[in-house]
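Novice: Please read through the structure below; I'll follow up with questions.
The values are calculated or read from the model by the stated rules, or taken from the named source; none is laboratory data. On a predicted model such as this, the values are computed, not experimentally measured, just so you know. Quick reminder, even Gly has a Cβ in these numbers, built from the backbone with ideal geometry, and neighbours come from all protein chains shown.
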Ligand SMILES: [Zn+2]
């Protein structure tokens with residue numbers, strides 16, 4: 001089981017979780033779980049993403065908004081969703 005803690009993102013103000021990877025790094029992730037299907041490394045899959053598995057490993061995969069759509073549940077790194085919020089704020093001002 002990974003160590004994790006909940007914090008508020010300083011950029012977008014959302015509640016997020018910090019998840020410790022198996023390499024001992026703390027990665028900010030969204031609160032909601034996502035679903036994923038692992039992919040082997042290949043240039044044929046440029047749309048592949050990296051997510052964190054529930055036990056703290058980086059997984060190259062296709063990911064889905066809900067865990068039931070994938071083969072496994074995992075965590076989506078928060079910078080993926082946080083970046084779009086920043087872009088929205090910049091456009092609004
Ligand atoms: Zn954020």
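Results for (1) surrounded by fewer than 14 Cβ atoms within 10 Å (Cβ to Cβ); (2) at pLDDT 95 or above, shown as yes or no for each residue.
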position: 12; (1), (2): no, no
position: 25; (1), (2): yes, yes
position: 44; (1), (2): yes, no
position: 54; (1), (2): no, yes
position: 62; (1), (2): no, no
position: 73; (1), (2): no, yes
position: 80; (1), (2): no, no
position: 86; (1), (2): yes, no
position: 90; (1), (2): yes, no
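Novice: Here's a check for you: in the range 28-39, which residue that is within 10 Å of the chain's Cα centre (by Cα) and under 22 Å from residue 69 (Cα atoms) is nearest to the ligand (Cβ to nearest atom)?
Specialist: So in the range 28-39, the residues within 10 Å of the chain's Cα centre (by Cα) come out as 28-34.
Among the residues that remain, those that are also under 22 Å from residue 69 (Cα atoms) are: 29-34.
Working: 29: 11, 30: 9, 31: 11, 32: 14, 33: 17, 34: 16 Å.
Only one residue fits best here, namely 30.
Novice: Further question on the same structure: With the structure loaded, tell me whether residue 48 is modelled with pLDDT under 95 and either within 16 Å of the ligand (Cβ to nearest atom) or loosely packed, with under 12 Cβ neighbours inside 10 Å (or both) or whether it fails that test.
Specialist: On the way: modelled with pLDDT under 95: yes; either within 16 Å of the ligand (Cβ to nearest atom) or loosely packed, with under 12 Cβ neighbours inside 10 Å (or both): no.
So residue 48 does not fit the description; no.
Novice: Here is a further query. Residue by residue through the range 1-27, note down the ones that are more than 13 Å from residue 58 (Cα to Cα), part of a loop (DSSP other than H, G, I, E, B) and either more than 9 Å from the ligand (Cβ to nearest atom) or free of Cβ contacts under 8 Å to residues at least 60 places away in the same chain (or both).
Specialist: The first filter runs over the range 1-27 and keeps only residues more than 13 Å from residue 58 (Cα to Cα), leaving 1, 3-18.
Then keep just the ones that are part of a loop (DSSP other than H, G, I, E, B); that gives 1, 3, 9-14.
Once the filter is applied, which keeps residues that are more than 13 Å from residue 58 (Cα to Cα), part of a loop (DSSP other than H, G, I, E, B) and either more than 9 Å from the ligand (Cβ to nearest atom) or free of Cβ contacts under 8 Å to residues at least 60 places away in the same chain (or both), the range 1-27 yields 1, 3, 10, 13.
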